[in-house]
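Computed from the coordinates by the stated procedures, all read-outs in this text should not be read as laboratory data. It should be emphasised that the depicted structure is a prediction, and the values quoted were computed from it without experimental measurement. Cβ placement follows ideal geometry from the backbone for every residue including glycine, while neighbour counts extend to all protein chains displayed.
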Amino acid sequence: MNLTKMKKNSRNWRGITIICVVLMMVLVLVFEIKYSMERLNPRHAHGKTSEAWVTKTQMDQSELYTTKQMPTPSMAPKFTCDRSHYSYDICTVHVSTVLDTTTSTFFIQRPTTGSLDPGNNNPTVIKIRPYPRKFESFVMSNIKELTIKSTEPIPSCHVTHKHPALVFSAGGYTGNFFHDFNDGFIPLYITLNSMFQNQDDARNVVLVISKARDWWVKKYANLLGQFSNHPIIDLDNENNTTHCFPFATIGLVSHGFMTINPQLMPKSKSLQNFHALLSKAYGPIISNIQPQNAIRPRLVLVNRSIEHGRSLLNLEEVKLAITKQGFDVIVFEPKASTPLSEAFERISSSHVMVGVHGAALTHSLFLRPGSVFIQVVPLGAESVADLCFGNPARGMGLEYLEYRVRGEESSLIEKYGKEDMVIKDPVGFLSGKTWSKSTMDIYLKEQNVRLNLVRFRKYLKIAYMKARKLVNERGY
C-alpha cells in the first residue's frame, strides 16, 4: 500500500512541475514581447514622441504619406511622393532639408550608411511640378519643376526656419479669377488642413511660391495672411539664397473642380469652412451699403461686358423685372482691379446672386450659406456650368437654381440658324469632341443671351420667396 501511494505522489509532483515550467515559459515570452514593443515604440525614448514620428502620423491621417505600415525609425524613408492622382502629384520631405532657390532644389543629407535607393550609389533625384492640373500637359510644361535630391555634401544654410515649408506654383492659369481659387486657394486650404488639424500649426507653415507676381501677392494679401503668419518666399526672386526647413511638402491636393470633399478632410471641413476663412480675410459680412428700402431683399446681378461674350443683351429689361419682383438690385461688373474687400461686401450682403456662366461667378463663394444663386447657363455649357458652379453651390449650402438658355434666347441662332446642330442639339454637336478652343469660342466667346422674361420671372418668384424667408429669419 505504501509503495502504491508513493508512486501516485510521484506522478502528482511531476505534473505540478511540468505546469510550473510551462507557466514560467509563458511569462518569459510575454516579457520579451512587451520589451521588444517598447523598444520599437517611438515614445520609449525620453517618454515622448519625436518630431519625425509626429510628422509621419500627420501624413498618414491626411493620406499624404502613402505607406500604410509604420516603419521603424531606422527604415523610415526620408521623403515620399504620391503620383496616383489625376490632377496632382505631391511629395513630402520628412527630415531636415535645404532649399537652394537658384536651382529650385531641396537637398537631403545622404545617410553615411544605407541608402534611400538600396543598391544604388548615385544620388537619389525626384522631380515634381507643384500645380494641380496634371491632366493638362500644355499648362504643366510651363510650371517650374522642383527637384528633391539626396546627396552629400549639401549646401549650408543662409536662412534657417523653425517651421516647415509648403511649396506650390501660382503660374498656369493664375490671373483668371476662377482658376485663382480652383487651382490655387481651395487646394491650398485642403492641403494645409490635411497636414495640420490644429489651425495655429497650419498658419505657421512658410509658403514658398513660384510665380508669386507682385500684382497677385498684392491682390490676395489679406487671404494669403489667413494661410500663413510668415512672409512669402518668392522662389523666382531669391537667387543665391539657401533656406533650411525641418520638413517640406511640395504640391497641392485637389478634390476636383471648385470643391472640398468633407469625407476626405479632417473634422469634415467643407466649402462652408472655406467661406468662413474668406469672411475673416474680407469681412465684415454685412454691407455698409444700405438698400433703398430696408425691407426689400437684395439681389446682385453679375454682368459681363459684350466683348467677352455671354453678356445679357436685354440687361435693362432684366433689371426692371428684378425690381418689379420686389428686390433691390445691384449690378456688379467686376474687373481685375476691383478690390476683393469691396466685392465681398457687395456679394455677402445680398440675398440672391444672378449671373451668366463665367469666371465672375466664382464670387458665389462670397455668398452666405442659405443664400440663393441663379446661374444662367448658355447653350453648350450645361455640363461645365454644373461642374464649375452647380456642385460648389450645393457644397456651400446655397439654394441653387439653374436657368438654361434655349435656342431662341442665344445670339448664336443669328449665325447658325435654329436647325443647326450648334443650336438644335449642343450635346450632340459636342459629343466625341474635346472641350477645345474652337468649341469654347463658339459657346463661350461668340454667344450672348437675351433672357425670355416670362420664363425668367418664374425663377425670380422662387428666389424672392426664399430671400424673404432669409430676411425674416436673419432680420437683415
| message | Taking each pair of distinct Cα atoms in segment 248-397 once, what is the resulting Kirkwood hydrodynamic radius in Å? | response | 16.5 Å
| remark: Taking 0.36 nm per residue of separation between His158 and His179 and subtracting their Cα-Cα distance, the length gained on full extension comes to 4.1 nm
| task | May I ask which of Lys78/Lys144; Lys418/Lys458; Lys424/Lys458; Lys78/Lys134; Lys415/Lys445 have a Cα-Cα span longer than 19 Å here? | result | Lys78/Lys144; Lys418/Lys458; Lys424/Lys458; Lys78/Lys134
| task | Read phi for every residue in segment 138-144 and hand back ³J(HN,Hα) as whole Hz from Karplus 6.51 cos²θ - 1.76 cosθ + 1.60, θ = phi - 60°, with x for Gly and Pro. | result | 4, 5, 5, 5, 9, 8, 4
| Once label points are set 7 Å from the Cα along Cα→Cβ at both Lys144 and Val217, what is their separation, rounded to one decimal in nm? | 1.2 nm
| field | Where a label projected 7 Å from the Cα of Glu136 along Cα→Cβ would reach, residues of segment 350-387 with amide N under 13 Å | value | 359
| Label-to-label distance, nm, for residues given as Val331 and Asn198 (7 Å Cα→Cβ offset) | 5.3 nm
| remark: Taking segment 283-474, the whole-percent share of alpha-carbon pairs separated by over 29 angstrom is 22 percent
| request: Given a cut-off of 32 Å, name the pairs among Lys127/Lys218; Lys218/Lys319; Lys162/Lys219 whose C-alpha atoms lie farther apart than that in the structure shown. | output: Lys218/Lys319
| note | Amide H contacts under 5 Å for Ile330, restricted to residues at least 5 apart in sequence or on another chain and with H modeled in the peptide plane, are Leu299, Val300, Leu301
| said: Between Val471 and Val427, how high is the FRET efficiency from 1/(1 + (r/R0)^6) when r is the Cβ-Cβ distance and R₀ = 51 Å? Nearest 0.05. | reply: 0.85
| said: Need one number: nm distance between label points at Thr102 and Glu307, each 7 Å from Cα along Cα→Cβ, rounded to one decimal. | reply: 4.5 nm
| request: Compute the FRET efficiency between Lys445 and Gln109 as 1/(1 + (r/R0)^6), taking r as their Cβ-Cβ distance and R0 = 45 Å, and round to the nearest 0.05. | output: 0.25
| Dimensions in Å of segment 160-222 - Rg and Dmax from alpha carbons | 12.2, 36
| request: Mark the label point 7 Å from the Cα of Val125 along Cα→Cβ and return the residues of segment 143-159 whose backbone N is within less than 11 Å of it. | output: 147-150
| request: For segment 287-386, give the magnitude of the charge dipole about the Cα centre (Cβ charges: +1 Lys/Arg, -1 Asp/Glu; no others), in debye to the nearest 20. | output: 220 debye
| query | What list do you get for Lys415, Lys134 if you sort them by fewest beta carbons within 10 Å? | reply | Lys415, Lys134
| request: May I ask you to order 378-391, 352-365, 438-451 by the average number of other C-beta atoms within 10 Å around their residues, highest value first? | output: 352-365, 378-391, 438-451
